[in-house]
Amino acid sequence: MKKIVFPIFIFTILAIACKTKKKEKPASERFFPVLSFIKSQIALVDSSLYSIRKIVYIDSTQTDTIYCTREQFRDLSSDFLAIPDLAASEYEDRFKEEKQFDEMLNRVIITYFPLEPDKEEIQKEEVLIQPDVSGDKVKSIIIDHFINNRDSSVQKRMLWQVDHSFQVTTTRQLPGQPETSSIFKVIWNEDDNE
């Protein structure tokens, strides 16, 4: 009797392990790794000699320009570093991917939408890619990030212009107070503004 129970036990364990193991998608079917891409952009700026400027938009007619250090650049880009990584396997069943080609822009647009928007911080993520025979190039990334809790809501519209700049528009709503907005842009490569 003991000889029969042991093989059945091993078979049961293996069957459970095989059932729970999730099949990994091939690279061509995975979501674009936005977070990793932005981290590589930040590392590039960290090792560059670019002059970094932060422009704060005070209202529709005034701006304030400040030169920043590389350490400040990393802090300013923290909104991008705080986004969930949709390329992680935990998000593949929670978001859908749509691809289209915009002839006027000459861009492939890959868009990610949450299947249940009220349960996700990312409301939309877009990657704009310029097709080229020598190799496609990511040109910009747009992220709509929304955080809602009991006493406030914060919406961030973030734009990353690859190898050039990024901008963050933040809209806050506190209870019993008017909505406030702030915009800042960080530029590090004036020459590469295509």
Exercise. With the condition kept exactly as written, say whether any residue in segment 165-178 is closer than 29 Å to residue 104 by Cβ and either of a type in the set (D, E, K, R) or at pLDDT below 90 (or both).
Key: no
Quiz item: Hey, residue 110 hits all of (1) in contact with a helix residue (DSSP H, G or I) (Cβ under 9 Å, 6 or more places away or on another chain); (2) surrounded by 14 or more Cβ atoms within 10 Å (Cβ to Cβ) but one; which does it fall short on?
Solution: (1)
Exercise. For segment 125-141, name all the residues that are crowded, with 16+ Cβ neighbours inside 10 Å and touching a Phe, Trp or Tyr at 6+ places or on another chain (Cβ under 9 Å).
Key: 125, 126, 127, 129, 138, 140, 141
Self-check item: Subset tally (residues that are modelled with pLDDT of 95 or more and of a type in the set (D, E, K, R)) for segment 6-52
Solution: 1
Quiz item: Within segment 137-194, which residues are under 15 Å from residue 121 (Cβ atoms) and among the small types (Gly, Ala, Ser)?
Solution: 152, 153
Quiz item: If residue 66 satisfies every condition in (1) modelled with pLDDT under 90; (2) hydrophobic (A, V, I, L, M, F, W, C); (3) outside any helix (DSSP H, G or I) but one, which is the exception?
Solution: (1)
Quiz item: Which residue pairs have Cβ atoms closer than 8 Å, lie 6 or more positions apart in sequence or on different chains, and pair a first residue in segment 165-178 that is in contact (Cβ under 8 Å) with a residue 60 or more places away in the chain and closer than 18 Å to residue 83 by Cβ with a second residue that is of a type in the set (Gly, Ala, Ser) and crowded, with 16+ Cβ neighbours inside 10 Å?
Solution: 166/77
Quiz item: Considering only strands (runs of 3 or more DSSP E) fully contained in segment 87-194, which possess at least 2 residues that are among the basic types (Lys, Arg)?
Solution: 95-102, 137-149, 152-161
Quiz item: For segment 113-133, which residues satisfy the criterion of being of a type in the set (A, V, I, L, M, F, W, C) and at pLDDT 95 or above?
Solution: 113, 115, 122, 127, 128, 129
Practice problem: For residue 140, state whether it is without any contact (Cβ under 8 Å) to a residue 40 or more places away in the chain, among the small types (Gly, Ala, Ser) and more than 20 Å from residue 44 (Cα to Cα). | Solution: no
Practice problem: For segment 97-106, state whether one or more residues are buried (at least 16 other Cβ atoms within 10 Å of the Cβ), in contact with a Pro (Cβ under 9 Å, 6 or more places away or on another chain) and either free of Cβ contacts under 8 Å to residues at least 60 places away in the same chain or not hydroxyl-bearing (Ser, Thr, Tyr) (or both). | Solution: no
Quiz item: Pick from segment 83-96 the residues that are closer than 14 Å to residue 34 by Cα and either free of Cβ contacts under 8 Å to residues at least 24 places away in the same chain or β-branched (Val, Ile, Thr) (or both): which of them is surrounded by the fewest Cβ atoms within 10 Å (Cβ to Cβ)?
Solution: 88
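The values are calculated or read from the model by the stated rules, or taken from the named source; none is laboratory data. From a predicted model like this one, the values you see are computed outputs, not experimental measurements. Every residue, glycine as well, gets a Cβ built from its backbone with ideal geometry; the counts of neighbours run over all protein chains shown.
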